[in-house]
Amino acid sequence: MTAPTAAAGDVVELELPARPEVVSVARLIIGALVAADPLFDEERSADLRLAISEACTNAIQAEMKRRGHDGPPDPEAAPIVMRCVLADGQIEVAITDHGGGFDPTGLEQHPEVTSPDRLNYEGGLGIPLIKMLADDLEFRSTDGGTTVVMRFEPRAPGLRPVIGSVNGSGAGTAQE
Amino acid sequence: MDLRLEVSERGGWSVVEVGGEIDVATAPRLREQLIALVNDQRYHIVVSLEAVDFIDSTGLGVLISGLKRVRTHGGRFVLVCTEPRILKVFEITGLLAVFNVCSSIEEAIVLEAEAAEEAP
């Protein structure tokens, strides 16, 4: 696979099969795009790779849930779409799935991360992570699915307060 | 996609050395390994992340699950990690306050043995 390259103002859009194996491909692609922009250093590049990994994981799991978790890979399954726009010294990444929609306000609430009861929940960290790493995060309902739009500036958005409660920002996870 | 797992026994501890990337595609293998150890009554576990290049929330979830399983049996679960990029993920999620993180496998085993002796 040849990693895409992009100059300022470029748009890169690609469809990825909704399978767990492609999350690493999405990370590879965003890493290659960011490497083309000298404003984004290695640490910020790592932030993007993590945020995109979380968003793609949610999108793939939504699609897998729609067709039944344990079912065989469905060649007819709708792909997820990753769209990256590099412009004005920032990067916007949109991940679209067709997993039936997602309500970020309806997420399960979890105990404080330091509470012993928190150990009963494996999930609930993905969306808070994206919120901390991206400068802006928006969920848009689309036809039969969701688009997660993340905007990144070169410098990390000053380490916001440690999650403390992963629900402190009002979000849980789409990975339950 | 790449995940490497090596398991060894050192002084009563099971040491799981993980390498590569831990994400939604690879985390199930780590989960299965930790479950297998607990099912084999190995309740003192060190997981070394020194050779891990990437971890996301799915990987963190597997480690949380491992910690819970081990604690259920009164065991100990320690991470080894010195890579700033990986530590940052634990830091910003608040999980540095949840996991015992050491800088080497040897340190983990020695400190935990001392802690076990001091425990009431």
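Of the residues making up segment A:134-149, those that are in a strand (DSSP E or B) and in contact with a helix residue (DSSP H, G or I) (Cβ under 6 Å, 6 or more places away or on another chain) are A:LEU137, A:PHE139, A:VAL148. Within the span defined as segment B:14-36, one or more residues are surrounded by 16 or more Cβ atoms within 10 Å (Cβ to Cβ), within 27 Å of B:ALA115 (Cα to Cα) and among the small types (Gly, Ala, Ser). In summary, B:GLU83 fulfils each of the numbered conditions (1) closer than 16 Å to B:VAL101 by Cα; (2) among the charged types (D, E, K, R); (3) at the interface with another protein chain (Cβ under 10 Å from one of its Cβ atoms) with the single exception of condition (3). For segment A:10-37, the set of residues classified as at pLDDT below 90 and of a type in the set (Val, Ile, Thr) is empty.
When segment B:7-30 is filtered for residues that are under 26 Å from A:GLY126 (Cβ atoms) and either of a type in the set (Gly, Ala, Ser) or part of a helix (DSSP H, G or I) (or both), the ones remaining, listed by number, are B:GLY19, B:GLY20, B:ALA25, B:ALA27, B:PRO28, B:ARG29, B:LEU30. Residues of segment B:50-107 that are touching a strand residue (DSSP E or B) at 6+ places or on another chain (Cβ under 8 Å) and hydroxyl-bearing (Ser, Thr, Tyr): B:THR58, B:THR82, B:SER103, B:SER104. Annotation: of all residues in segment B:1-23 being modelled with pLDDT under 95 and within 14 Å of chain A (Cβ to nearest Cβ), the one that is farthest from B:LEU79 (Cα to Cα) is B:MET1. Checking each residue in segment B:45-70 for being within 19 Å of B:VAL110 (Cα to Cα), in contact with a helix residue (DSSP H, G or I) (Cβ under 7 Å, 6 or more places away or on another chain) and surrounded by fewer than 22 Cβ atoms within 10 Å (Cβ to Cβ) picks out B:SER48, B:VAL70. The residue of segment A:22-62 that is farthest from the other protein chains (Cβ to nearest Cβ), among those that are touching a strand residue (DSSP E or B) at 6+ places or on another chain (Cβ under 8 Å) and open to solvent by 30 Å² or more (accessible area, probe 1.4 Å), is A:ALA36. Of B:PHE77, B:PHE90, B:PHE54, all but one fail to be of a type in the set (Phe, Trp, Tyr) and in contact with a Cys (Cβ under 9 Å, 6 or more places away or on another chain); the exception is B:PHE90.
Entry remark, segment B:102-120: residues being surrounded by 18 or more Cβ atoms within 10 Å (Cβ to Cβ) and closer than 30 Å to A:ALA134 by Cα number 1 in total.
The values are calculated or read from the model by the stated rules, or taken from the named source; none is laboratory data. Predicted model, so just to flag it, every value in this text is computed and none were measured. Neighbour counts are summed over all protein chains in view; Cβ atoms, including those assigned to glycine, are modelled from backbone coordinates with ideal geometry. These accessible areas exclude ligands, DNA and RNA; they are computed on the full protein's heavy atoms, side chains included. Shrake-Rupley method; radii C 1.70, N 1.55, O 1.52, S 1.80 Å.
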